[in-house]
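Here the structure is laid out as structure tokens; the discussion comes afterwards.
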Amino acid sequence: MRLSRYFMPILKENPKEAEIVSHRLMLRAGMIRQQSQGIYSWLPLGKRVLDKVNAIIRDEQNRAGAIELSMPTLQSAELWQESGRYDAYGKEMLRIKDRQDRPMLYGPTNEEMVTDIFRSSVKSYKDLPLNLYHIQLKFRDEIRPRFGTMRSREFMMKDAYSFDLTREAAEHSYNKMFAAYLRTFDRLGLRAIPMRADTGPIGGKLSHEFIILADTGESEVFCHKDFVDFDIPGEHTDFDSVEGLQAIFDKWTSLYAATSEMHDEAAFNAVPEGDRLSARGIEVGHIFYFGTKYSEPMGAKVQGPDGKEHFVQMGSYGIGPTRLVPAIIEASHDDNGIIWPASVAPFDIVVINMKAGDQACDDTCELIYAALTKAGKDVLYDDTDDRAGTKFATADLIGVPVQIIAGPRAVANGEVEVKDRKTGARETMTIEAAINRFVA
Ligand code: P5A
């Protein structure tokens, strides 16, 4: 992508409305734009990051055996009347009437709708286990939308829903998502700690929130510090192994970890003082096991091997991609801007032409840009005629992991500079060496 033809509206000044660093940097880097309170457009640079986050989420959902579908954002109130949540959900639900005066709503979550899909076609235990997910916009009329897309009214959610015949099978489904979440957040460059959590309007008894420790987090959390160094399940984890996944769950729940709603002061005080971590955190995922809370009122039953009908056992599993993007920035930035983990960076490499219009600089940059693009890299080529200082500041701000800098003096020697955004380390090398480093 040539920057001169791209759309990346950088802000020079710090936006006044941004209270936390991720919101400030997302606005400054031209990633998002607020359209009305708590409702955002994702501009091209932000969209690239969001897409990469979603690709990792999707990959790990699929690995764990979940199946993707797509459900609508607008739902009929009838389904919610069946489950009893239409009245219970309160003011966070945006209620709408269509032209026939039928009550509709903009979905804040999809338990009812997916239960309806299930009951219409699954009749036998032989079709279980089943886990259906989508990555879709939601709307919650939050009383205090804030911090940009961290807590917005319209936001994206990956929501998965599991169906099983028995409680034991449902627990295995829960453990699959538990392990998939550990892997997902790790691949996003984050350390998320599962914590016992309140179930709120979703319901059920068993629930974990996945929390990233950050000073700007909205949740108050308490946990054992050893979680920070626990091993993440590897890519060859067998998601069909009941014992294997139970062992992962048991290990990751063996030490104290709770959000403030579930906090037990006495149990926390039993943790040796030096091991106690009392901090603030960002909730990036939340999983629930709620048994027959929806299947019973909505009549979602399957025939068991005993020939009898059983209400299906369900759980639901949410991740917030539009919250994850600012959460990653909270965890990874410096005074100059964002530092993207390579897995979600909007571009892999930025090629900076320090003197656009200079034949040697132009030729060198074009050569590098073409070679790296051909090798499958996402390359941003800063071919604008901005001053070098502006270009460096922009490259640092948008956080692309590698900068290849071509200035007239180095280019005259057949060389360029390669800068690592994270460490700031710079190395001068031949043009060929720079290309080979990233092509190999
Ligand atoms: C689980 C999937 C649910 O809604 N039903 C379907 C369950 N859970 S939840 O905890 O309420 O939300 C899941 C995740 O969505 C993100 N999230 C938000 N992100 C941005 N702005 C918001 N206002 C917002 N509300 C929820 C969080 O990541 C949460 O863990």
Legend entry - segment 96-105 - residue that is open to solvent by 10 Å² or more (accessible area, probe 1.4 Å) and in contact with a Lys or Arg (Cβ under 8 Å, 6 or more places away or on another chain) and, of those, nearest to the ligand (Cβ to nearest atom): M104
Inset, instruction - Quick one: in segment 112-160, of everything that is assigned to a strand (DSSP E or B) and either away from the ligand (no atom under 14 Å from the Cβ) or at positive phi (or both), which residue is farthest from the chain's Cα centre (by Cα)? - result: S124
Legend entry - Only one of K126, K138 that is open to solvent by 30 Å² or more (accessible area, probe 1.4 Å) and either of a type outside the set (A, V, I, L, M, F, W, C) or modelled with pLDDT of 95 or more (or both): K126
Inset, instruction - For V221, work out the one condition from (1) without any contact (Cβ under 8 Å) to a residue 60 or more places away in the chain; (2) in a strand (DSSP E or B) it doesn't fulfil. - result: (1)
Legend entry - Hey, D240 loosely packed, with under 13 Cβ neighbours inside 10 Å, within 13 Å of Y174 (Cα to Cα) and more than 16 Å from the ligand (Cβ to nearest atom) or not: yes
Legend entry - Residue under evaluation F288, criteria (1) crowded, with 22+ Cβ neighbours inside 10 Å; (2) in contact with a His (Cβ under 8 Å, 6 or more places away or on another chain), criterion not met: (2)
Legend entry - Positions within segment 202-211 being surrounded by 24 or more Cβ atoms within 10 Å (Cβ to Cβ) and either hydrophobic (A, V, I, L, M, F, W, C) or over 15 Å from W252 (Cβ atoms) (or both), in sequence order: F210, I211
Legend entry - In segment 31-68, the residues that are within 22 Å of R153 (Cβ to Cβ) and assigned to a strand (DSSP E or B): I32, R33, Q34, Q35, S36, I39, Y40, S41, W42
Legend entry - Which numbered condition V325 fails, given (1) away from the ligand (no atom under 16 Å from the Cβ); (2) closer than 17 Å to M8 by Cβ: (1)
Inset, instruction - List the number of the failed condition for F163; all other conditions in (1) surrounded by fewer than 22 Cβ atoms within 10 Å (Cβ to Cβ); (2) in a strand (DSSP E or B); (3) of a type outside the set (D, E); (4) touching a residue at least 24 places away in the same chain (Cβ under 8 Å) hold. - result: (1)
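The values are calculated or read from the model by the stated rules, or taken from the named source; none is laboratory data. In this text the structure is predicted, and so the values were computed from the model without any measurement. Ideal geometry is used to build each Cβ from the backbone, glycine not excepted, and the neighbour counts take in all protein chains shown. These accessible areas exclude ligands, DNA and RNA; they are computed on the full protein's heavy atoms, side chains included. Shrake-Rupley method; radii C 1.70, N 1.55, O 1.52, S 1.80 Å.
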